[in-house]
Structures are given as C-alpha cells and as structure tokens.
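Read-outs: derived from the displayed coordinates by stated rules, not from any lab. Because the structure is predicted, anything quoted here is derived from the model rather than measured. Here the Cβ positions follow ideal geometry from the backbone for every residue, glycine too, while neighbour counts run over all protein chains shown.
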C-alpha cells in the first residue's frame, strides 16, 4: 500500500444510445398467436418468453434505444470503469487489458440496468442470459461499444 497526502481524482462519463436486438416479425406473429391461445397467467417457458418478446417490441416502439451511461473514475493510480449492464466477464477483462491504468476495476449494473450484455458468440449459441427478452435485449455489438467507450474515458483521465 502506498500512502499519499494528495492523489489525482477525476470522473468522465458518456451516455450511449444503445440499440436493441429486435424480435423477428415472424417470431412476434407466432408469439402473439401463442399468447392468444394461452393467455395470462400461464407460466410455461415458451409462453413466458413469447410474452417477453411482445413486451420488448412494445418497449422498443416506445423508446427506440436504451440509455447507457458509461462512467469512469480515477483515484490516484487506480481506475474504475462502470456500465449499467450485467456484462459478460470477457468485457471487463478486455477493458482492464486496454486500460491505461495498471489497476482497473470494472463494475457492472451501475447507474441503471440495460440487462444482460452477452457476447455476439453467446447470442448465436443461445442459453439463458442471451435469450431475447426484456432482460437480455442489447444488440450483439453492445459489449464492444461499452468497452470502447470505457477505454476512451479512462484514457481521458490518465
């Protein structure tokens, strides 16, 4: 541990308009038909995700893009990068690797929550976190966009 009477402090922030993954029209049509057949309250997995996709499309129609505030801080020689998404681990590791600071922490679900932010590969493979719904709605490039913004902000603080 190093002690100092004064340390450089700084904060930089950028608000990104993050695009959504949009449900396919044919999928939405099938989802609406299923929901008409099995109305609320039905908790079968396929019905739950059909409802989620329909509600997601309604949300996208209302807001267009997600507000994603990326905030970075410097406390002496340590940096903190934060994002409002539940980021896949690889994005934090990429940010730390590209940071101009030797000691960088990456914090998820800060200043809001844009849901899971999976890798493009995970979206292609499927699974719980990347399943398209209101809780996992970010476009495949979202993670890289957030990392790029974080590195840009960290560089401005170095």
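Among 109, 123, 75, the residue with the largest mean-square fluctuation in a Gaussian network model of the chain, with springs joining Cα atoms closer than 10 Å, is 75.
When a footprinting reagent is the concern and you count Cβ atoms within 10 Å, what order do 5, 31 take, fewest first? Don't skip to the answer; put the middle values down first.
Details: 5 4, 31 22.
Listing 5, 31 from fewest to most nearby Cβ atoms yields 5, 31.
Below 8 Å between Cα atoms, with a sequence gap of 6+, how large is the relative contact order for region 12-158 in percent?
Numbers: 261 pairs, mean separation 43.6, N = 147.
Here the relative contact order equals 30 percent.
Helix 45-63 and the long axis of the chain differ in direction by around 60°, with both axes built from C-alpha atoms. Values of log10 I(q)/I(0) for region 22-96 across q = 0.22 Å⁻¹ run -0.97, by the Debye formula with one identical scatterer at each alpha carbon and no solvent.
Using only the Cα atoms of region 1-65, build the gyration tensor, take square roots of its eigenvalues as a ≥ b ≥ c, and label the shape rounded, prolate or oblate: rounded if a/c is under 1.5, else prolate if a/b is larger than b/c, else oblate. Prolate is the answer for region 1-65, as a/c is 1.5 or above and a/b outweighs b/c. Hey, what angle do you get for helix 89-98 against the long axis of the chain, alpha-carbon based, 0 to 90 degrees rounded to 10? The two axes meet at around 30 degrees.
Build a GNM of the chain with springs between Cα atoms under 10 Å apart, and of 27, 57, 86 the one that fluctuates most is 27.
Take the alpha carbon atoms of region 22-68, find their center, do the same for region 85-132, and report the distance between the two centers in whole angstrom. With region 22-68 and region 85-132 each reduced to a Cα centre, they are spaced 25 Å. Computed from the Kirkwood radius of its Cα pairs, the Stokes-Einstein diffusion coefficient for the chain at 25 °C and 0.890 mPa s stands at 143 µm²/s. For region 64-104, what class follows from the C-alpha gyration tensor (a ≥ b ≥ c being the square roots of its eigenvalues): rounded when a/c is under 1.5, otherwise prolate if a/b is larger than b/c, else oblate? It comes out oblate by the Cα gyration axes.
Compute the Cα gyration tensor for region 83-134, then decide on rounded, prolate or oblate, letting a ≥ b ≥ c be the square roots of its eigenvalues: rounded whenever a/c is under 1.5, prolate when a/b is larger than b/c in the other cases, and oblate in all that remain. It comes out oblate by the Cα gyration axes.
May I ask what percent, to the nearest 5, of DSSP beta bridges between residues of region 67-158 are antiparallel? Walk me through the intermediate numbers first.
Numbers: 7 of 15 bridges.
Roughly 45 percent of the DSSP beta bridges within region 67-158 come out antiparallel.
Working ranking of peptides 32-44, 59-71, 143-155 by packing, defined as the average number of other Cβ atoms within 10 Å per residue, highest first, is 143-155, 59-71, 32-44. Once the Cα atoms are used to define both axes, helix 142-157 deviates from the longest principal axis of the chain by about 20 degrees.
By the count of other C-beta atoms within 10 Å, a proxy for reagent exposure, 72, 89, 95 are ordered fewest to most as 89, 95, 72. Of all DSSP bridge pairs formed entirely within the chain, close to 70 percent run antiparallel.
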